[in-house]
Amino acid sequence: MPPTDPVNPTSPTQSTEPESTRNLSGAALTDAVLASFAHGDSPRFTAIAQSLIQHLHAFLVETRLTEEEWAAAITFLTRVGHITTEQRQEFILLSDVLGASMQVIGTTYPCVNGETESTVFGPFFVAESPHFANGDDIARGAPGEACHMWGVVRSVEGEPIAGARLEIWQADEDGFYDVQYADLAAARGRGHLFADDDGRYAFWTIRPAAYPIPSDGPVGDLLKAARRSPMRPAHVHFKITAPGYRPLITHVFAQDDPYLDTDAVFGVKSSLITPFERHEPGVAPDGRQMATSFYTARYDFTLAPTDAA
Ligand code: BEZ
Ligand code: FE
């Protein structure tokens with residue numbers, strides 16, 4: 001028995017499309033491929049698939065891409081797939097350096113209600129982080145200069161959001177996240193805590209440092225070919241959740257960082273930048289007596305309601 005068409009089993013030689021797929025090139029080939037995607041599972045699937053085909057074919061024709069170049073692109077994507085594991089997601093990194101992640105974030109969260117702007121999630125989030133009380137030190141021995149961070153979590157109406165959960169993670173002064181050390185037994189520079197009844201949060205940590213994104217794989221090779229910097233400006237990651245509010249994934253960036261305008265993943269928004277102020281040894285804002293110099297940084301977050309546009 002010859003194989004039958006699974007979509008149209010009664011007619012093994014005829015596709016669901018009336019047009020022939022024979023003898024096609026150029027615009028006629030594009031049109032035939034578009035027609036082949038015209039009856040997808042859902043209107044949204046059809047629209048996305050057809051737009052992708054339209055842009056892909058236009059790109060191939062416009063650049064007059066050679067078979068050798070197309071093969072190189074496929075080899076590149078194969079390498080991206082091979083290096084991807086549970087611990088390393090090279091496809092997300094690729095999406096980040098192409099600006100695709102930020103484009104999707106901008107489309108999904110247009111920020112029209114005054115809520116805090118979102119930015120890239122990044123690969124270093126860990127779902128199970130240690131719990132801290134408001135005011136604790138989440139650095140847990142991570143190398144760096146002490147830094148006190150605090151602020152208020154509010155709704156777009158300005159109401160404090162008591163009990164908002166803040167997940168925090170950051171790189172140390174050498175530019176490494178705890179998960180990048182092979183020999184660390186416990187989390188360092190990451191944790192979660194809850195805002196108090198006035199929506200206030202506070203914690204001690206270390207001043208974050210700028211760092212290069214992982215560039216020992218195909219995405220690093222792409223950046224090198226483009227003569228692009230892999231550096232990200234110093235930042236602290238936050239994921240903030242509260243019932244009735246849309247989860248916020250964002251960073252707070254250090255104002256004096258030299259990489260704010262050349263972020264490898266295009267994640268910086270001016271509204272997310274705050275000063276990290278240096279202080280001589282003495283009494284910190286929470287009353288702690290500091291024997292060494294230290295930093296303070298304040299950032300207030302605003303959450304959109306779940307049903308926001
Ligand atoms: C990060 O900030 O952790 C990050 C974001 C995108 C790519 C690599 C790292
Ligand atoms: Fe980061």
(request) For H251, state whether it is over 14 Å from C147 (Cβ atoms), assigned by TED's automatic domain parsing to the domain that holds Y109 and within 15 Å of ligand 2 (Cβ to nearest atom). (result) yes
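Out of curiosity, is R165 assigned by TED's automatic domain parsing to the domain that holds K269, charged (D, E, K, R) and on the phi > 0 side of the Ramachandran plot?
Values: assigned by TED's automatic domain parsing to the domain that holds K269: yes; charged (D, E, K, R): yes; on the phi > 0 side of the Ramachandran plot: no.
Answer is no for this residue.
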(request) Run down E117, E128, E173 and say which single residue is within 18 Å of the chain's Cα centre (by Cα) and closer than 27 Å to E90 by Cβ. (result) E117
(message) For the range 257-309: of the residues being in contact with a Leu (Cβ under 8 Å, 6 or more places away or on another chain) and β-branched (V, I, T), which is farthest from Y109 (Cα to Cα)?
(response) I273
(message) Give me the residue from the range 226-245 that is in contact (Cβ under 8 Å) with a residue 40 or more places away in the chain and surrounded by fewer than 17 Cβ atoms within 10 Å (Cβ to Cβ) and, out of that set, nearest to ligand 1 (Cβ to nearest atom).
(response) R228
(request) Filter the range 199-215 down to residues that are away from ligand 1 (no atom under 13 Å from the Cβ) and in a loop (DSSP other than H, G, I, E, B) and give me whichever is nearest to W150 (Cα to Cα). (result) G199
(request) Identify the single condition in (1) within 14 Å of ligand 1 (Cβ to nearest atom); (2) not assigned by TED's automatic domain parsing to the domain that holds R188 that G81 does not satisfy, given that it satisfies every other one. (result) (1)
(message) Looking only at helices (runs of 4 or more DSSP H) that lie completely in the range 8-127, which have at least 1 residues being among the acidic types (D, E), surrounded by 13 or more Cβ atoms within 10 Å (Cβ to Cβ) and in contact (Cβ under 8 Å) with a residue 24 or more places away in the chain?
(response) 90-97
(request) Look at G114 and say whether it is more than 16 Å from ligand 2 (Cβ to nearest atom), more than 30 Å from F76 (Cα to Cα), of a type in the set (G, A, S) and in the same structural domain as S215 (by TED's automatic domain parsing). (result) yes
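Listed here are the residues, each with its yes/no results for (1) more than 17 Å from the chain's Cα centre (by Cα); (2) closer than 16 Å to S118 by Cα.
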site: A264; (1), (2): no, no
site: K269; (1), (2): no, yes
site: L272; (1), (2): no, yes
site: A284; (1), (2): yes, no
site: D300; (1), (2): yes, yes
(message) I'd like to check something: does the range 96-111 contain any residue that is in contact with a Ser or Thr (Cβ under 8 Å, 6 or more places away or on another chain), within 29 Å of V153 (Cβ to Cβ) and among the charged types (D, E, K, R)?
(response) no
(request) List every residue pair whose Cβ atoms sit under 6 Å apart, with the two residues 6 or more apart in sequence or on different chains, where the first one lies in the range 179-196 and is hydrophobic (A, V, I, L, M, F, W, C) and the second, anywhere, is crowded, with 16+ Cβ neighbours inside 10 Å and not in a loop (DSSP other than H, G, I, E, B). (result) L184/D178; A187/D178; L193/L166; F194/R165; A195/V153; A195/Y201
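Matching residues to (1) more than 22 Å from the chain's Cα centre (by Cα); (2) part of a strand (DSSP E or B):
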| residue | (1), (2) |
| --- | --- |
| V152 | yes, yes |
| W169 | no, yes |
| V179 | no, no |
| A187 | no, no |
| H192 | no, yes |
| D197 | yes, no |
| V219 | no, no |
| L223 | no, no |
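The values are calculated or read from the model by the stated rules, or taken from the named source; none is laboratory data. Quantities reported herein were computed from a predicted structural model and do not represent experimental measurements. Neighbour counts are summed over all protein chains in view; Cβ atoms, including those assigned to glycine, are modelled from backbone coordinates with ideal geometry.
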